[in-house]
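The values are calculated or read from the model by the stated rules, or taken from the named source; none is laboratory data. Note that the structure is predicted; figures quoted are calculated from it, not measured. Neighbour counts are summed over all protein chains in view; Cβ atoms, including those assigned to glycine, are modelled from backbone coordinates with ideal geometry.
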Amino acid sequence: MRKIVVEGGKTLRGQIEVSGAKNSVLPLMAATLLTDGLSVIEDVPWLADVDVMSAVLNSLGSSCDYICGCLHINSSGIKKTEAPSALVQKMRASFLVMGPLLARYGHARMSLPGGCAIGARPIDLHLKGLEALGAEISIADGYIEATVNRMHGNQIYLDFPSVGATENLMMAAALAEGHTVIGNAAEEPEIVDLSNMLCAMGANIKGAGTNIIRIEGVKNLNPARHTVIPDRIEAGSFMVMAAATGGELIITNVITEHIKSVIAKLKEAGVKVEEGYDGVHVIGNKHLIPVDVKTLPYPGFPTDLQAQFMALLTLAGGVSVITETVFENRFRHAEELKKMSADIKTAGHSAVINGIKRLHGASVEATDLRAGAAMIIASLAAEGQTKISHIHHIERGYENICGKLAAVGAKIQIIEE
Ligand code: UD1
């Protein structure tokens, strides 16, 4: 088994660069299915999830080539509209090919998606929206099959501003006949990034980044070249690492507007954050102040940084409360942090963290992608050695994490055990 081993207690210092956003790249890749010809996506991080999405697209008949940080995707040769279940099971985001396949080819079949173990994560909002656009959907034996002659525009209201449902529906509506209005849409920066690429392909979309998105369907879309936005969750993770080690990091390739809630919470915790043109300068503080954090859809505090903040707050001087409102079962990292001496109690959607002076190295598990980042944060700050198992979760979303952290002073490596 491969493990990450960290010798804790080293202060991080230096400059570190954020990669392109995983959560943007995956829908952008799916969007290429809406076109014939060669699209180029720039600043693509080399991650396990990108590899899985490439395999999904290749299995349908696209060709994906990763050349020097750019993905060249040609979706002219689509032969199949059914994605292999082994791939779909690996990654929930593979469900994002549903909308484009339906809109372009009138048919899609795939198994119910898998992904990180952070709750039930249904897909009802995707399916309700696609039905509103005219799709006929049947579910049998763990497979979803959808057909349509041509999608037609409609008014859709999402019961929750789901990121994936908003993306799937935007892509489907881009080629539908007539107008679509998505109400209570997700407002995440990744939605704006997708809208920008779809508009570069010739789509007519207004309002991305607000909770009402208006789409006037067009007959066809053309390939495009697009640069992915920086990964705000990776940026936030590095900021927390600087804070947890009492270090000082200049983090580049950051759009600070995307992480306002994170900057605000770090400042509240006593961490110094200076915003620059292309990044942030974070100066840690050995005396962290406890803070309460509530996760919310964007622009609220991101659920994808909840675990990392929990790791940080285990070292604050007092009691912090974290409330998770986006996912119903996203505290598995608390048990792992407790193995490192953290004092945490969870009940329902809340976790109460009583800060302690020092964490201690231990053998822990990355129970999901962001929980894995939390384990790295805790182990960087801890006394002694920590071994983190199940690191394939971390490799789904953090490009060259050990290399990047070693370059700013961490003692971290991957071993085979
Ligand atoms: C995306 C992100 C993920 C992030 C999440 C919330 C990607 C590839 N992943 O996931 O990192 O944690 O947004 O910011 O972009 N829900 C339903 N029915 C649905 C869809 C969702 O009930 O049809 C619920 C989910 O169970 C969850 C909540 O809505 O409780 C948010 O999910 P959603 O915004 O859809 O997350 P994802 O798009 O899966």
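Taking region 106-204 and the strands (runs of 3 or more DSSP E) fully enclosed by it, the elements with 1 or more residues that are over 25 Å from T81 (Cα atoms) and more than 12 Å from the ligand (Cβ to nearest atom) are at 155-157, 179-183. Yes or no: region 292-308 includes at least one residue that is part of a helix (DSSP H, G or I) and of a type in the set (D, E, K, R). The answer is yes; a qualifying residue exists. For region 286-299, a residue qualifies if it is away from the ligand (no atom under 16 Å from the Cβ) and closer than 24 Å to E257 by Cβ, and the qualifying residues are V291, D292. Of the numbered criteria (1) of a type outside the set (D, E); (2) within 22 Å of H392 (Cα to Cα); (3) in contact with a helix residue (DSSP H, G or I) (Cβ under 6 Å, 6 or more places away or on another chain), the one S320 fails is (2). For region 217-251, a tally of residues being part of a strand (DSSP E or B) and either within 26 Å of H72 (Cβ to Cβ) or at pLDDT below 95 (or both) returns 5.
Screening G247 with (1) out of contact with any strand residue (DSSP E or B) (no Cβ under 9 Å at 6 or more places or on another chain); (2) in contact (Cβ under 8 Å) with a residue 40 or more places away in the chain; (3) surrounded by fewer than 22 Cβ atoms within 10 Å (Cβ to Cβ) gives one miss only, at (1). The single residue among V326, V282 that is assigned to a loop (DSSP other than H, G, I, E, B), crowded, with 17+ Cβ neighbours inside 10 Å and hydrophobic (A, V, I, L, M, F, W, C) turns out to be V326.
Residues in region 20-37 that are crowded, with 24+ Cβ neighbours inside 10 Å and among the charged types (D, E, K, R): K22 alone. Within region 252-275, if we keep just the residues that are part of a loop (DSSP other than H, G, I, E, B) and touching a strand residue (DSSP E or B) at 6+ places or on another chain (Cβ under 8 Å), the residue that is farthest from G318 (Cα to Cα) turns out to be N253. Is it the case that G403 is without any contact (Cβ under 8 Å) to a residue 24 or more places away in the chain and either within 25 Å of I283 (Cα to Cα) or assigned to a helix (DSSP H, G or I) (or both)? Here the answer is yes, as G403 does meet what is asked.
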